[in-house]
Each structure stands twice: as structure tokens, then as C-alpha cells.
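Some notes on the structure that comes next.
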Amino acid sequence: MLIAQLADIHLGHRQYGLEERLEDYNRAFLNAVNELIRLREEGGLDTVIISGDFFDTQRPSPSIYITAIRGLTRLRESGIRVIVIRGNHDSSVINPIENPLAVLHQMGLIQYLDNDYVDLGGVRLIGAGTVYTDMQNKLVNSLNALRGNGINIAVIHQYIEGAPYIYPMPNVDVFMVNEKPLAQLGIDYFAVGHIHEHGLKHPRINAVYSGSLEVWDAREFEVYEYANGKLRKVKDVDPKGFLLLDVSSNGVRVNNVQLGVSRRLVRVRIRYEEAKPSVVKGDVSYIASNMDQRGSLIILEIEGKVAGGYSTRDFNAIELRKLFSRAWVDVRLDLERRVGEGERSIRVFGGINEIIRQALKSRLGDDELVSAVMEIIERVRVDDEDGALKTLENLVGVPLRGSKSITDWLGATP
């Protein structure tokens, strides 16, 4: 039996606020649908499981619903069964009943599992939606109660303790499950979502993350370093795709299916010991002449110290950005003016996050408080409601999730 494992599709994610990136996520899903249908026609693919975060938000727009319906309808018409669980983006962990997956289930486009199972011959697929770390016993007990006599595959959306991810997610600790109780369940395979790295394997449990279909983190970009008038590639763009599970009486064999990314995504790093405005502009102009391609997304990171005789005000990210006419470019300046003894270091930053950070700093003063507010803003921006609440809880020292905690905090009568 062939089963495809997808996760973290995040339909509706508008990375960097760009409409083009929203379309990239749509396109990645529809491209995956094409590949799944090909595997059905050529290899007999039976079933698709989606291990959470099919949507990027609990309230997707009509256009995102249309994309989902379009792709899922093609899968249904080709004879592929689609089984989905909820991730932390699909619904509230506290009140998961109302969520967009329930709509697709009612339309007959998916089979939505939440603490339930479906038997496919001698294979049992057990689906359980995301839980908080302090609720993990509930998840483990549910999986244990739903096990069958044949091959058991658990479909979950959690970080499993010990999985060696490269790029930390902002809410790993919020949705962590300890590996020992999972290992003791006797589950043959865990089809896991939440970590976006393609094909990430747990070192001790038979658990693999399919990863996101589209690049999620700038650290996954193709990376270049610029030095001595030359560009040198130091990293390719990270692979993206899904997994193909070959399930038999002998267990589950996992194969990677890689898909190309939608556009060129590049980070370029430059570091100066003595940055001069004319030199920086000339270097950026050279980079633009080599990389200014239509549709590309480029993050330009300029770091170091300002040469003597110049001020940080002499460096302008907006003017540097204008050297590119075809690509979308984010210029991130992190330059520090050399200071004499007793002087205070002055830095110049580029990018909206640093503008917000400096504005908060001027009002709040406290670096720790500013960092916490910035983290909350970032979590809200990516619709990580649970992570935002967790950060806010740590900041104010009061539990905010659950009606009892909130009413206690407000001093109201339950």
C-alpha cells in the first residue's frame, strides 16, 4: 500500500506580506496535487494523509477555500482518499470544534480525524490533533486506546522531543511531546507535522516530518557571501516536498519526494571592517547586476563597522534597494559606528522589524520587554495565536488560556 504524507501546507500564508508569496504557497499545493495524481496513475497511490496545518489560519479567505477545494476535488476525482488532522494553525487547541477542516469534511473532500481512526485493510491510521505540552498525556492515552492489531500509523502535529531540527520554530516548547511515552506505545510509524524541514527523522522513534511544501524560513534560502568583489555560494535552497510511505506487513518504508520551489529565494551576506557609503553602493550595484532577476526574492544582509569620517546616517537602505528593478529586495543594514573611549556605540538598522524595535525601545526602555513585545508581534503576524499567548503569559506571569484562568486574572466570578 502506498500512502503519501504531507504537512504544513499553510494555504493562505502571505510571507513578508507579499501577494506573490501567498500565490507561491497556493502553487506549491497544486503542484503537489499534480505529483500525487501521477503517483496514483503510475504507482497505485491509495491515500494521502496531511499531518496538520493545511491552512495558515483558522479563518481562511474565500479565495483560499477555492484553492483548497480545487486541489482536493482533483484528488477525489482521481480516486485518492485524503485524511487530515488539525495543526495549531488550523484551529484553536482549546476549542478545536469550529475549524475550516470540518467544512471540507462536510463537503466530502477530506476525512477529518481527531482522536479517531480509519482502517485501510491491515493498516490503521490514527489521527490526533495538536495538543499543548502540558496536555500530552491526553494525546498519548488517546493513541494507545485507538491502536489496532495490524500496522499502526499515528498522524500527529507536534514536536517530538529529541528530533534534531536545524531551524528552531518559535513554539517548539509549546507543542512538545516527550519521546519516551511515544516509544512505549508500540506504534509502527509516526507521520508528524509541525517542523518544516523536509524528511527530518527522529533518531530513536520511527517518526518522520514531511516538512512544508514551500520555503518557510529565510534560513532555508539559497545563501551567498560577497567578498573581494566576488559572490560565493555557501548553501543551496533547502529541499521541499512530501513523503511516500510504502506500507506492508513488514512495516513502513519511507521515501522522499522532492518538489521545486516557486521562485528563486536568496540571501546575500556582506561584512565590512570599514564600511564606506560609496563602496557599499558599488558592491550592492555589482550584486544587483548579477542577481536582479524578475520574480526573485533577495534578502541583502550588510553588517560590520562604519569607516572613520562617516556616520551611520550616510547609509540608506531605501537607496540601496533602488539599485534593483526586477527582484523584490529587503536590505537589512546592521552597521556600527566606530567610537572612541567613553562614547556610546551607534548602530543603523534596516528593515521594518528594526524600525518597530527602535520605536518600542524609545517608549518602553526595557530591552527584555521590547524583545517580548517583538516576539508577540511576530507570532501574531504568522497567526501563531498560541505562541503569542504563551509569550504574553511568560511576560505578565499569569495564565491566559482557559476560561477559569482568565476570569481569575480579571477578578471576575466564574
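To the nearest 500 deg cm²/dmol, what mean residue ellipticity at 222 nm is calculated for the chain from DSSP H runs of n ≥ 4 alone, each contributing -39,500 (n - 2.57), summed and divided by the residues? Could you put the intermediate results ahead of the total?
Working: 11 runs with 132 residues, N = 414.
Mean residue ellipticity at 222 nm (helix-derived): -10000 deg cm²/dmol.
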Task: Candidates 224, 25, 209: whichever shows maximal mean-square fluctuation once the chain is modelled as a Gaussian network with Cα springs under 10 Å - done: 224
TODO: Collect residues whose amide H, placed 1.01 Å from N in the peptide plane, falls under 5 Å from the amide H of residue 109; neighbours closer than 5 in sequence don't count.
DONE: none
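With r as the distance between the Cβ atoms of residue 66 and residue 94 and R0 = 30 Å, compute the FRET efficiency 1/(1 + (r/R0)^6) and round to 0.05.
Plugging the Cβ-Cβ distance into 1/(1 + (r/R0)^6) gives 0.55.
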Open item on the list: What are the ³J(HN,Hα) couplings of region 82-89, residue after residue, when phi is run through the Karplus curve with 6.51, -1.76, 1.60 and θ = phi - 60°? Round to Hz, x for glycine and proline.
Closed with: 10, 10, 10, 10, 8, x, 5, 7
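Go through 240/281; 230/281; 138/240; 138/390 and tell me which ones have a Cα-Cα distance over 23 Å in this structure. Can you show the working numbers first?
Values: 240/281 34 Å; 230/281 15 Å; 138/240 32 Å; 138/390 20 Å.
Distance filter (> 23 Å) returns 240/281; 138/240.
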- [ ] Take 330, 173, 90 and sort them by solvent-accessible surface of the protein heavy atoms, 1.4 Å probe, largest at the top.
- [x] 173, 330, 90
Open item on the list: Under the rule a/c < 1.5 gives rounded, and otherwise a/b versus b/c splits prolate from oblate, where does region 71-195 land using the Cα gyration tensor?
Closed with: oblate
- [ ] Calculate how steeply helix 385-396 sits against the longest principal axis of the alpha-carbon atoms of the chain, using the helix alpha-carbon long axis, and give the answer as 0 to 90 degrees to the nearest 10.
- [x] 60 degrees
- [ ] Mind pulling the angle between the C-alpha long axis of helix 367-381 and the longest principal axis of the chain? Nearest 10 degrees, somewhere in 0 to 90.
- [x] 50 degrees
- [ ] For residue 207, list long-range residues whose amide hydrogen, built 1.01 Å from N in the peptide plane, is under 5 Å from its own amide hydrogen.
- [x] 190, 202
TODO: Provide Rg over Rh for region 288-332; use the alpha carbon set for both Rg and the Kirkwood Rh (inverse mean inverse pair distance).
DONE: 1.05
Task: Read-out Rg/Rh (Cα atoms, Kirkwood Rh), derived from the coordinates shown; its label in [x] 1.02; [y] 0.99; [z] 1.10 - done: [x]
TODO: Please figure out what share of the DSSP beta bridges in region 135-248 is antiparallel and state it in percent, rounded to the nearest 5.
DONE: 40 percent
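Please figure out what share of the DSSP beta bridges in region 1-144 is antiparallel and state it in percent, rounded to the nearest 5. Show your work: numbers first, answer last.
On the way: 5 of 16 bridges.
Of the beta bridges lying entirely in region 1-144, close to 30 percent run antiparallel.
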Task: DSSP beta bridges in the chain [antiparallel fraction, %, rounded to 5] - done: 35 percent
TODO: Only residues of region 87-120 count here: report those whose backbone N is under 14 Å from the spot 7 Å along Cα→Cβ of residue 145, or say none.
DONE: 114-117
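The values are calculated or read from the model by the stated rules, or taken from the named source; none is laboratory data. Treat the numbers as computed from the prediction; the structure is a model and nothing was measured. Positions of Cβ are generated from backbone atoms using ideal geometry, with glycine treated the same way; all protein chains shown enter the neighbour counts. Heads up: the accessible areas ignore ligands, DNA and RNA and are worked out on the full protein's heavy atoms, side chains in. Shrake-Rupley method; radii C 1.70, N 1.55, O 1.52, S 1.80 Å.
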